[in-house]
Structures are given as C-alpha cells and as structure tokens.
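Each reported figure results from applying straightforward, stated rules to the coordinates on display, with no laboratory input. The model shown is predicted, which means the values in this text are computed figures rather than measured ones. Glycine also receives a Cβ, built like all others from the backbone with ideal geometry; neighbour counts cover every protein chain displayed.
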C-alpha cells in the first residue's frame, strides 16, 4: 500500500468510528428521552441493544485506524473496516427500523445477516492479527 492509501484508510476508519460514536450518543439520548409512543412494544430495549453494538464498533473502527499506523498498512484491515461498516448498517439499521415501525425489513432477514457480518469481521481480524506484519518486522 502506498503512503497515500495508508493515510486515506487511517483517516477513513478514524472518521467513521468517530461518526458512529457521535451517532451512538445521539441515538442513546433519543432512546432515553423520546416518549414511548415512538417505539413499538419492546422497541426501546431493541434500540438500546443496537446503540450498544454501534458504540462498541465505533471504538473498533478507531482501533482499526490505530492498527493501520502500528502495523504495516494492510488490505486485511481495510476488509475488516468495510465489513464492520456493512454489518453495522445491516444490523443496526434493521433493528432501529423494527423498533420504530414494528415491521421487519422486507425480503431478507437483514438483522441476522448484519450480525453474522459483524461476527465475520471479528473472526477476520483474529486471523489478520497473525498475518499482518508490524512496522518493526524485517522481512
């Protein structure tokens, strides 16, 4: 990877993580303060779960940004970052949609697909930890 690509991916994951962290705080505040009429039955609890997942992964994306600096820039870290993003959009988006409307997204089981995507991203990061060389490695 070139240094320009490394710079871009480092900033991308930092900015994405920060954006999701901000979004998690906003959604947590809304979840705590909106009247019950905005949620279906267990919708408020559902949004709290999705908000927690969003916040945890905001920190994970910031961690990916830091790893891009510590380790040699790697396509593996970018795959993890993109996979975290996809999983968050699918899982959190579907859960928030269901919590507010009472309907599941049409056609596909979006939330389970998003959760599986997040699990895969963590698994891929586990493997990448043994594949990616750090900057001090001499090969």
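Distance from the Cα centroid of the stretch 38-76 to that of the stretch 113-131 is 13 Å (rounded to whole angstrom). Both radii were evaluated on the Cα set of the stretch 39-101; the Rg over Rh quotient, with Rh as the Kirkwood radius, amounts to 1.14.
Over the chain, dividing the summed -39,500 (n - 2.57) contributions of all DSSP H runs of at least 4 residues by the number of residues returns a 222 nm mean residue ellipticity of -28000 deg cm²/dmol. Panel values: the chain, Kirkwood radius from alpha carbon pairs, Stokes-Einstein at 20 °C and 1.002 mPa s, translational diffusion coefficient 134 µm²/s. Note on residue 86 and residue 59: their simple-model spin labels are 2.6 nm apart, each label 7 Å out from Cα toward Cβ. For the chain, modelled as a GNM whose springs connect Cα atoms under 10 angstrom apart, the maximal fluctuation among 104, 76, 33 occurs at 33. If the segment from residue 104 to residue 15 were pulled out straight at 0.36 nm per residue, it would be longer than the present Cα-Cα gap by 29.0 nm. Which residues in the stretch 95-124 place their backbone N less than 17 Å from a point set 7 Å from the Cα of residue 40 along the Cα-to-Cβ direction? Residues 95-113 qualify, since their backbone N sits under 17 Å from the label point. Subtracting the Cα-Cα distance of residue 79 and residue 25 from 0.36 nm times their residue separation leaves 16.8 nm of extension gain. To the nearest ten degrees, helix 43-70 and the longest principal axis of the Cα atoms of the chain are 10 degrees apart. Site pair residue 32 and residue 69 shows an inter-label distance of 3.0 nm when each label is modelled 7 Å from Cα along Cα→Cβ. Against the chain, whose longest principal axis is taken from its Cα atoms, helix 75-101 shows a tilt of about 0°.
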